[in-house]
1. Please report the antiparallel percentage of DSSP beta bridges with both residues in the chain, rounded to the nearest 5.
2. Any of K106/K147; K274/K321; K49/K274; K276/K332; K147/K214 with alpha carbons more than 23 Å apart? Name them for me.
3. Would you work out which of F13, M187, N158 lies farthest towards the positive end of the dipole of the chain, given +1 charges on the beta-carbon of Lys and Arg and -1 on that of Asp and Glu, about the Cα centre?
4. Do you know the relative contact order of the chain, to the nearest whole percent, from alpha carbon pairs under 8 angstrom that are 6+ apart?
5. Please identify, among G65, G127, G327, the residue showing maximal mean-square fluctuation in a Gaussian network model of the chain using a 10 angstrom Cα cutoff.
6. With Rg and the Kirkwood Rh both taken from Cα atoms, where does Rg over Rh land for region 123-263?
7. Once you have the Cα-Cα distance between N162 and T247, take 0.36 nm times their residue separation minus that, and quote the gain in nm to one decimal.
8. Once the principal axes of the Cα atoms of region 126-181 are found, what is the range along each, listed largest first in whole angstroms?
Amino acid sequence: MSKIEINNVYKIFGNNPQSVMPMVKGGANKEEVLEQTGHTVGLDDVSLKIEEGETFVCMGLSGSGKSTLIRHLNRLIDPTDGEILVEGTNVMSFNKDQLIEFRRHKMSMVFQRFGLFPHKTVIQNVGYGLEMQGKPEDERYRVAMEKIDAVGLNGFENQFPNQLSGGMQQRVGLARALATDSDIMLMDEAFSALDPLIRSDMQKQLLDLQSELKKTIVFITHDLDESLRLGDHIGILNAGKLVQVGTPVDIIMNPADDYVKAFVKDVNRAKVIKAKVIMKDINNANDIDKSSLIKVNEDQFIEEFLPQIVCSNSNCEVVDKSGNVKGYISNKELQSSLTKS
Ligand SMILES: Nc1ncnc2c1ncn2[C@@H]1O[C@H](COP(=O)(O)OP(=O)(O)OP(=O)(O)O)[C@@H](O)[C@H]1O
Ligand SMILES: [Mg+2]
């Protein structure tokens, strides 16, 4: 069972969403629906599975439906059609109390525009979820201080949000989400307001946290480098439609359409593609000349061995950690894999 399963979800914004469903299901696109009915298509037949312990990154241009999608998961938004299952339970089946319980314990969210309480201090904001869970004050204080420390805001715990910069407020939002220790974290542009250095540091912290805690994270970003660094899988939205889901390498090597191509066109492939992804396995490499070979590890990124291969005009022999030969890469194919579009 997947941790989260989204099946044929549609979201139409407007006065009478149901009335435009036949048109949307009939294939009309977002522009046509808006022009003819005044309704906005937020999501258009989105289906998706997210597995326990993975970081799923959602990308797409502004207005493509990323926030709308993530907000369905904790029912801040209800779908016009379709279903959302979390651990096999349809979230639409929750009554009011079950929904409150679900939001307190199962999911935490970092909002795109922080969503902090202006009248509460940093530490009160961070401890808010714990307060809702009914945790005693000393525990709230201890856990909240620990998370404030983790996001680098030590010393600011008694300030109010309007006394902080945007990036600092974003970190308070992150600390608040970490504090409740829910196993699903929804992060809507959680790092976008941060300086590059702090942003990179927060990405590293999230990766470290993930390697230890294995939470299920749904992370929205506009930034391709961020999505490649964090995502186990990446989903790309265009005008409410999910146009491609894949691993970072899938997306880079086989972009589904021109929209995805435009996202990945500037990626340095040599930095993100490993030897094992492009090698021919030993049984299919008869055509590769083995008279001059350079040994590379299967987990090495292309950029690490590319200069050596090109300069010496050799082919690669790809080995695993124990030195067993797994496959070969020809010099020519190596270079064409970097320029393929
Ligand atoms: N409450 C709402 N009422 C009407 N239309 C909405 C509402 N929320 C979102 N939309 C529309 O749904 C579409 C998707 O919006 P959404 O906020 O999900 O985009 P996004 O991908 O998160 O964009 P951004 O990157 O700018 O945050 C947009 O066309 C938007 O105008
Ligand atoms: Mg958004």
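1. Working: 27 of 50 bridges.
Roughly 55 percent of the beta bridges in the chain run antiparallel, per DSSP.
2. On the way: K106/K147 18 Å; K274/K321 14 Å; K49/K274 25 Å; K276/K332 16 Å; K147/K214 17 Å.
Over 23 Å apart, Cα to Cα: K49/K274.
3. Farthest towards the positive pole: N158.
4. Rounded, it is 18 percent for the chain.
5. So, out of G65, G127, G327, the one fluctuating most is G327.
6. On the way: Rg = 17.1 Å, Rh = 16.5 Å.
When Rh is taken as the Kirkwood radius, the ratio is 1.03.
7. Working: separation 85, 0.36 × 85 = 30.60 nm, distance 3.92 nm.
Between N162 and T247, full extension yields an extra 26.7 nm.
8. 30, 19, 17
The numbers here are math on the coordinates, done by the rules we state, and not lab data. Quick caveat: nothing in here was measured; it's all calculated off a predicted structure. Cβ atoms come from the backbone with ideal geometry, glycine included; neighbour counts cover every protein chain shown.
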